[in-house]
Amino acid sequence: MPMPSPVRSLPSWISPSPLATPEISVDRGALGRRYAVRGPTCHVLLLLIGSLLILCRTARLKLITWVTHRMTTDLLLVFPYFFDGRSKHWQFPPLGIGYIASYVRERGYNVKILDCTFLSREEVRERIRRERARVVGIYSMLSMVRTAKELAAEAKEVSELVIAGGPMPSAYPSMFLGAFDAVVQGEGEITVAELMDAMDGRSEPKFHRVRGVWLASHLNGGRVEHTGARPLLRDLDALPFPARDLYDHHLYQSYYRRNFGYTMTSMIASRGCPFSCDFCWRPDYGRVYRYRSP
């Protein structure tokens, strides 16, 4: 009985011949002309030039970043609230000093905000020493008085002028004049900007001509002086929006998401109140209700 062949024969519709390779027409004359004009050396040079352009652009960006970081800080605004992290209270970004920052920055000054909410005390002290701002403004409510005075002592070692502002300094300026050079009373945007102009020599450098300020004795010939009340700002639309870019907005969003399950932000749409609650600092913003345009 014949044995079966170990190799199966191919069906008749399959060609045993190898696949045909398509012919590619190459214009060798054109290829030669291309390399005659732009040879391998030219390609290497183009790659080198491209790499150098990328390096120059990177170096330029780094230089801009370094110069911006090293630029003298004209005004450092401090919000001296330290969150202990143990409770789930609402934490709000410091929009009050954000308005001052944006207003002063529009006048050409380099302004920074030091929001202490999510920082340690040592980090804040180190930042004040590192910034070496010409002017330091420290906000204060009742619960922040002691901390504000401690940071003022730190700032006086590296800054030319240290000022206080906010509800407590406005209500009780004498409580702060021993630790600060000056107290800004009431709305601070225009007052702080004029103090900066006086420091910068843009106006006559006499602080007693800036309305809305209490001057410590060492700035005013040995006596405390009040420069007079500043009228309340009638048109809130004249103020730029707060400089939210100067504080860590993402830290607040992470806090809201982690503790409440959603994110939010705050805004100030009006100033002034006709009521007279004992615990409120309404006198600083007046009885007349003022609001921004929708």
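The residue list Gly228, Gly221, Gly166 contains one member that is within 21 Å of Ala101 (Cβ to Cβ) and either surrounded by 18 or more Cβ atoms within 10 Å (Cβ to Cβ) or without any contact (Cβ under 8 Å) to a residue 60 or more places away in the chain (or both), which is Gly166. The set of residues in region 156-194 that are assigned to a loop (DSSP other than H, G, I, E, B) and under 18 Å from Tyr109 (Cα atoms) comprises Ser159, Glu160, Gly188. Residue count for region 166-184, restricted to those that are out of contact with any Pro (no Cβ under 6 Å at 6 or more places or on another chain) and closer than 22 Å to Gly222 by Cα: 13.
Within region 63-83, restricting attention to residues that are at pLDDT 80 or above, more than 24 Å from Thr263 (Cα to Cα) and not hydrophobic (A, V, I, L, M, F, W, C), the residue that is surrounded by the fewest Cβ atoms within 10 Å (Cβ to Cβ) is Thr72. Inspect region 285-294 for any residue being surrounded by 15 or more Cβ atoms within 10 Å (Cβ to Cβ) and over 29 Å from the mean Cα position of the chain (by Cα) and give the result as yes or no. Yes, region 285-294 has at least one match. In the set (1) over 18 Å from Trp214 (Cα atoms); (2) under 20 Å from the mean Cα position of the chain (by Cα); (3) crowded, with 23+ Cβ neighbours inside 10 Å, the condition left unmet by Gly137 is number (1). Please determine whether any residue of region 152-162 is touching a Ser or Thr at 6+ places or on another chain (Cβ under 9 Å) and either surrounded by 18 or more Cβ atoms within 10 Å (Cβ to Cβ) or within 27 Å of Ala269 (Cβ to Cβ) (or both). The answer is no, given that none of the residues of region 152-162 is touching a Ser or Thr at 6+ places or on another chain (Cβ under 9 Å) and either surrounded by 18 or more Cβ atoms within 10 Å (Cβ to Cβ) or within 27 Å of Ala269 (Cβ to Cβ) (or both).
Against the numbered list (1) outside any loop (DSSP other than H, G, I, E, B); (2) in contact (Cβ under 8 Å) with a residue 24 or more places away in the chain; (3) aliphatic (A, V, I, L, M), Ala198 comes up short only at (2). If the condition is being closer than 21 Å to Leu251 by Cα and of a type in the set (Gly, Ala, Ser), then region 118-139 contributes only Ser120. Counting only residues that are surrounded by fewer than 19 Cβ atoms within 10 Å (Cβ to Cβ) and either touching a Phe, Trp or Tyr at 6+ places or on another chain (Cβ under 7 Å) or of a type in the set (Gly, Ala, Ser) (or both), which one in region 199-218 is farthest from Tyr103 (Cα to Cα)? Of everything passing the filter in region 199-218, Ser217 is farthest from Tyr103 (Cα to Cα).
Look through region 256-294, keep the residues that are assigned to a loop (DSSP other than H, G, I, E, B) and of a type in the set (D, E, K, R), and return whichever of them is modelled with the lowest pLDDT. The residue in question is Asp278. Checking the conditions here, which among Arg38, Arg86, Arg60 is over 30 Å from Gly186 (Cβ atoms), surrounded by fewer than 18 Cβ atoms within 10 Å (Cβ to Cβ) and modelled with pLDDT under 55? The match here is Arg38.
The values are calculated or read from the model by the stated rules, or taken from the named source; none is laboratory data. Owing to the predicted nature of the structure, the values given are computational and were not obtained by experimental measurement. A quick note on method: Cβ atoms are made from the backbone with ideal geometry, for glycine too, and the neighbour counts reach across all protein chains shown.
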